[in-house]
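Enquirer: Quick one: structure below, then a few questions.
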Amino acid sequence: MIRASRARTLSIRRSGLRPDYTRRVDLVSVNLAKDARKAGARVGLKSDAIVVEGGKPLTGRIEVRGAKNLATKAMVAALLGDTPSLLQGVPEISDVDVVTRMLDAYGVAVTSPAEGELLLDPSNVLKAHFAQIDALAGSSRIPILFCGPLLHRLGEALIPDLGGCRIGDRPIDFHMDALRAFGAIVDKSYEGIRITAPNGLHGANIELPFPSVGATEQVLLTAVRAQGVTELKNAAIEPEIMDLIAILQKMGAIIWTEANRTIFIEGVDSLSGYTHRAIFDRNEAASWAAAALATHGDIYVGGAKQLELMTFLNVFRKVGGAFDVHEDGIRFYHPGGQLHPVQVETDVHPGFMTDWQQPLIVALTQADGVSIVHETVYENRFGFTDALVDMGADIVVHKDGLESISRRVPRRKLEQAAVITGPTPLHGADVRVPDLRGGFSYLIAALSASGTSRITNLGIISRGYERFVEKLEALGADFRLEG
Ligand code: EPU
């Protein structure tokens with residue numbers, strides 16, 4: 001879709017006129033609105049906008065199910081099995097729908113035997129039609145992970161243009177380099193990316209330049225059936241990756257991890273299906289925790305677990321939030337009193353996840369003093385703060401990052417820093433959701449602000465937050481849907 005706007009600019013250049021950049025920005029907004037409607041429609045969300053009356057604490061209990069960032073990958077893993085797989089705890093989010101359609105295009109029968117369960121039958125895997133694949137272009141980043149499994153099953157893979165949140169340039173060079181190391185040939189064509197492996201795939205020694213989650217998954221999903229042993233250095237070790245390794249082991253794979261982010265995979269000749277309950281969505285749990293803090297609320301997040309949230313819980317406590325860990329969930333609440341400023345750097349696991357900074361920043365606008373958030377994973381994940389500033393927040397983004405003596409993570413080239421000075425009362429505004437986590441932050445900001453807010457592009461939030469409208473209702477939020 002961005003391609004369309006580029007094409008337009010080029011044609012204007014050729015015609016000798018100056019490119020109209022205002023129009024280009026508009027096209028990006030139009031495309032984002034289209035993405036939002038499509039994503040919402042995938043889970044039956046008919047409204048495109050929500051009108052929120054703020055100032056009311058969120059209180060009550062909600063449940064989180066399987067993680068978006070595991071369930072979608074587990075679905076891809078099912079392609080590798082000779083027999084059907086059963087995935088449990090699957091969230092009803094639009095990214096799951098996209099992967100279902102992609103699997104369907106390749107002949108994997110996906111049915112739902114019970115609420116939250118998917119049965120994935122790969123007995124009749126076949127080549128997809130270009131139109132089916134193209135229809136999914138721009139909808140999600142998961143299709144890139146189909147490469148290895150498709151190469152093993154069909155000898156070739158056709159991957160559509162990728163989508164996902166617009167939070168900076170999101171290259172796929174690590175993925176392609178890894179596939180080449182396994183012996184694959186990568187061609188870019190008008191259809192997308194075509195990958196073939198005329199001589200099969202063999203184990204490889206790979207060192208990632210950065211512990212990328214997606215590239216680590218790419219290597220795992222490819223190496224399990226490649227011939228020989230693969231050694232992956234500088235791998236991501238997020239809990240969702242460990243859960244994917246557990247799934248692959250259930251399927252018959254041989255994988256072991258060593259210190260210093262090294263993973264070994266010994267290829268096997270065949271894999272069978274799995275039965276697995278997806279690890280809980282810790283990003284969703286952290287988002288509701290931030291909502292409890294920012295709205296002076298009290299939210300019991302059923303299904304949340306302590307170990308995978310340990311780093312988040314430390315920061316939550318330092319800011320002034322309180323939590324009680326229970327057998328079946330965690331209660332997050334604002335215990336009263338003033339919130340405190342913090343300095344946080346996003347990082348790969350076991351550091352503070354980049355996905356947590358957006359919801360947390362809303363709560364930090366209410367802390368007494370100056371907080372600094374360094375974003376070290378993505379190059380452009382502070383765009384959402386503009387709307388918070390419109391709502392009354394004092395946030396300054398330093399696009400070239402900030403030096404700081406207390407830095408733990410070494411600076412990356414593209415890093416940015418946000419300086420949040422609080423407390424500043426927030427007031428309602430009209431805002432448009434820019435990306436998944438930014439969108440949830442706008443919900444939190446609107447709920448904690450005084451007055452009325454209107455939030456459009458609501459569908460984008462359904463990419464990763466299951467039934468968020470019902471959950472807001474259960475927590476006593478004051479809102480109505482529009483459109
Ligand atoms: N990168 C490259 N080249 C590559 C791959 C990654 O330069 O080939 C860079 C990225 O540009 C980025 C960094 O490496 O700067 C990390 O990217 P990573 O590959 O780890 O991210 P991802 O796999 O694309 C997943 C989650 C994200 C989450 C990140 C980090 C899924 C579907 N997405 O993305 O989730 O932020 O890991 O943990 O699993 C979200 O849920 O809102 C979300 C964006």
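The values are calculated or read from the model by the stated rules, or taken from the named source; none is laboratory data. Quantities reported herein were computed from a predicted structural model and do not represent experimental measurements. No Cβ is skipped: glycine too gets one built from the backbone with ideal geometry, and neighbour counts run over all protein chains shown. The area values use the complete protein model at the heavy-atom level, side chains included, leaving out ligands, DNA and RNA. Shrake-Rupley method; radii C 1.70, N 1.55, O 1.52, S 1.80 Å.
Enquirer: What is the sum of charges, Lys and Arg at +1 and Asp and Glu at -1, for the other residues whose Cβ falls under 12 Å from the Cβ of residue 290?
Expert: Details: positive: 437; negative: 284, 355.
The answer is -1.
Enquirer: With everything on Cα atoms, drop me the angle between helix 68-77 and the longest principal axis of the chain, reported from 0 to 90° to the nearest 10.
Expert: Between helix and principal axis, roughly 10 degrees.
Enquirer: In addition: Are there any GluC sites (Glu not before Pro) in the range 313-408 that are in a DSSP loop and have at most 11 other Cβ atoms within 10 Å? List them by number.
Expert: Values: sites: 327, 345, 375, 379, 403; in loops: 327, 379, 403.
The qualifying sites are 327, 403.
Enquirer: Taking the highest mean first, how do the peptides 416-429, 457-470 order by number of other beta carbon atoms within 10 angstrom per residue? Working shown, then result.
Expert: Working: 416-429: 19.4, 457-470: 23.7.
Order by mean packing, descending: 457-470, 416-429.
Enquirer: Something else now. List the relative contact order of the range 281-403 as a percent without decimals, with contacts defined as Cα pairs under 8 Å and 6+ residues apart. Spell out each step's value before the answer.
Expert: Working: 185 pairs, mean separation 28.2, N = 123.
Rounded, it is 23 percent for the range 281-403.
Enquirer: Ok, one more. Over the heavy atoms of residue 130, what accessible area does a 1.4 Å probe trace out, to the nearest 10 Å²?
Expert: In the full protein context, residue 130 sits at about 70 Å².
Enquirer: While we're looking at this one, here's another question. Against the longest alpha carbon principal axis of the chain, how many degrees, from 0 to 90 and to the nearest 10, is the axis of helix 21-42 turned?
Expert: 80
Enquirer: Can I ask one more? Per 0.36 nm of contour for each residue apart, how much would the distance between residue 338 and residue 194 grow if the chain were fully extended, relative to their Cα-Cα spacing? Before the final figure, lay out the partial values.
Expert: Numbers: separation 144, 0.36 × 144 = 51.84 nm, distance 5.54 nm.
Between residue 338 and residue 194, full extension yields 46.3 nm more.
Enquirer: Also, quick follow-up: Accessible area per residue for the chain in Å², computed with a 1.4 Å probe and the full protein assembly in place, what is it?
Expert: Values: 19540 Å² over 483 residues.
For the chain, the per-residue accessible area is 40 Å².
Enquirer: Could you sort 311, 385 by their accessible area in this structure, using a 1.4 Å probe and putting the largest first?
Expert: 311, 385
Enquirer: Based on the alpha-carbon gyration tensor of the range 260-418 and its eigenvalue square roots a ≥ b ≥ c, which shape applies: rounded if a/c is under 1.5, prolate if not and a/b is larger than b/c, or oblate? If you can, show how the numbers build up before the last one.
Expert: Working: a/c = 2.18, a/b = 1.27, b/c = 1.72.
It is oblate, given that a/c is not under 1.5 and a/b is not larger than b/c.
Enquirer: I would also like to ask the following. Which one of 383, 439, 369 is farthest out on the positive end of the charge dipole of the range 325-483, using unit charges on Cβ (Lys, Arg +1; Asp, Glu -1) and the Cα centre as origin?
Expert: So the residue we want is 383.
Enquirer: Classify the range 166-288 from the C-alpha gyration tensor, please: rounded if a/c falls under 1.5, else prolate or oblate depending on whether a/b exceeds b/c.
Expert: Values: a/c = 1.56, a/b = 1.14, b/c = 1.37.
Here the range 166-288 falls in the oblate category.
Enquirer: Given a cut-off of under 8 Å on Cα pairs at least six residues apart, what relative contact order in percent is computed for the chain? Could the numbers behind the result be given before it?
Expert: On the way: 1110 pairs, mean separation 99.5, N = 483.
Once divided by the residue count of the chain, the mean separation gives 21 percent.
Enquirer: Can you give me the angle between helix 213-223 and the longest principal axis of the chain, using Cα atoms only, in degrees from 0 to 90, rounded to the nearest 10?
Expert: Approximately 20 degrees, to the nearest ten.
Enquirer: Can you list the lysines whose alpha carbon is less than 20 Å from that of residue 34, not counting same-chain residues fewer than 8 positions off?
Expert: 46
Enquirer: Here's a follow-up. For 56, 127, write out the residues from largest to smallest accessible area, computed with a 1.4 angstrom probe and no ligands counted.
Expert: Values: 56 95, 127 115 Å².
Listed by decreasing accessible area, they come as 127, 56.
Enquirer: Report the full-extension gain for the segment residue 131 to residue 454: residue separation times 0.36 nm, less the Cα-Cα distance, to one decimal in nm. Mind dumping the intermediate values first?
Expert: Numbers: separation 323, 0.36 × 323 = 116.28 nm, distance 3.65 nm.
Taking residue 131 through residue 454 to full extension adds about 112.6 nm, to one decimal.
Enquirer: Can I ask one more? Using a 1.4 Å probe on the protein heavy atoms, what percent of the accessible area of the chain belongs to carbon and sulfur?
Expert: On the way: 9820 of 19540 Å².
That fraction is 50 percent.
Enquirer: Specify whether the C-alpha gyration tensor of the chain places it in the rounded, prolate or oblate class, a ≥ b ≥ c being the square roots of the eigenvalues: rounded for a/c under 1.5, otherwise prolate if a/b is larger than b/c and oblate if not.
Expert: Verdict is prolate for the chain.
Enquirer: At a 1.4 Å probe radius, which order do 390, 173 fall into by accessible area, largest first? Show your work: numbers first, answer last.
Expert: Details: 390 105, 173 75 Å².
In descending accessible area the options line up as 390, 173.
Enquirer: Something else: Report, by chain and number, residues whose modeled amide H sits under 5 Å from the one on residue 267, excluding near sequence neighbours (fewer than 5 apart, same chain).
Expert: 228, 229, 230
Enquirer: Calculate the dipole size of the chain relative to its Cα centre from +1 charges on Lys and Arg beta carbons and -1 charges on Asp and Glu beta carbons; express the result in debye to the nearest 20. It would help to have the intermediate numbers written out before the result.
Expert: On the way: 51 positive and 57 negative charges, 254 e Å.
Dipole of the chain, to the nearest 20 debye: 1220 debye.
Enquirer: For residue 481, what is the net charge nearby, where nearby means another residue's Cβ is under 15 Å from its Cβ and Lys, Arg count +1, Asp, Glu -1?
Expert: On the way: positive: 37, 46, 454, 467, 471, 480; negative: 48, 53, 470, 473, 478, 482.
The answer is 0.
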